[in-house]
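K.L.:
This is the structure I want to talk about, given as structure tokens.
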Amino acid sequence: MALAVLIMAAGKGTRMKSELAKVLHALNARPMIHYVLDTAFALNPDKVVLIVGHQADAVKEATKGYRVEYALQSPQLGTGHAVMQAESTLSDFEGEVIVLSGDVPLTKVQTLQSLLNVHREKKAVATVLTAVLDNPTGYGRVIRGEQGDVLKIVEHKDASPAELAITEINSGIYVFNKQKLFDALKHISNDNAQGEYYLPDVFKIFFSQGERIAAVLAPNFDEIRGINTPEQLKEAEAILLSVS
């Protein structure tokens, strides 16, 4: 089965207290995005698409050593909107699509391979990487059925008390059937406070169609840890040094 990897790398990263594009911040003397690209290429994909936006030219310059194609997201209107921008780049591609974030640099290749393997074994339309947190406040919860398949993904603000008690969270890393993904993206709405299109909204489409959604638990939270602040960047540097 053919594989494409989409990497969202358009964000400004205002909480980093810098004008630099978030994915270009140095992580142990290398741009953060390089770690994500190294992981993506270790999966031997047929295609890697980097979705750029803020400081697009600088991000392209920093990644010119990689065999990537680029899609431009301008303006930036959410994660769903980001993936929509890659549709034309994948017009001649049929297969599976992994979606990664350029500010989540610690995910291991083996974890993504497990995600792909489960996706294929279950013949799922989409498979989500999850993690368990002692304090999952603010994260979307993953609700599973008795067989382990995903019944629902609910945002923290929309969750019932029973759902809030669940500690398994959505990491924002996924594998999709390409055609089903872009079909579903045509049906999501930006009718929310931010006026943005959110990628997890495709799951509501899949659930309404009775499609199978699988989930894989990451070995630890560090692998799905996003970097949004200088403090989190330092924490990621320490984690990398501890395992190198």
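The values are calculated or read from the model by the stated rules, or taken from the named source; none is laboratory data. Values in this document were obtained by computation on a predicted structure and should not be read as measured data. FYI the Cβ positions are ideal-geometry reconstructions off the backbone, even for glycines, and counts take in every protein chain you see.
K.L.:
Across region 200-220, which residue is surrounded by the most Cβ atoms within 10 Å (Cβ to Cβ) among those that are at pLDDT below 95 and under 15 Å from the mean Cα position of the chain (by Cα)?
P.N.:
Top of the filtered list is Asp201.
K.L.:
Now for a separate question. Within region 11-21, is even one residue among the basic types (Lys, Arg), assigned to a loop (DSSP other than H, G, I, E, B) and modelled with pLDDT of 95 or more? Outline the logic, then answer.
P.N.:
Within region 11-21, the subset among the basic types (Lys, Arg) is 12, 15, 17.
Add one more test, that the residue is assigned to a loop (DSSP other than H, G, I, E, B), and what stays is 12, 17.
Now drop any that are not modelled with pLDDT of 95 or more, which leaves none.
No, every residue in region 11-21 fails to be among the basic types (Lys, Arg), assigned to a loop (DSSP other than H, G, I, E, B) and modelled with pLDDT of 95 or more.
K.L.:
Where in region 157-211 are the helices (runs of 4 or more DSSP H), entirely inside, with at least 1 residues that are in contact with a Ser or Thr (Cβ under 8 Å, 6 or more places away or on another chain)?
P.N.:
Working: elements: 161-164, 178-185, 201-208.
By residue number, 201-208.
K.L.:
Go through Gly148, Gly102 for me and flag whichever is surrounded by fewer than 16 Cβ atoms within 10 Å (Cβ to Cβ) and either more than 26 Å from Pro230 (Cβ to Cβ) or in contact with a strand residue (DSSP E or B) (Cβ under 9 Å, 6 or more places away or on another chain) (or both).
P.N.:
Values: Gly102 fails: surrounded by fewer than 16 Cβ atoms within 10 Å (Cβ to Cβ).
One residue alone meets the criteria, Gly148.
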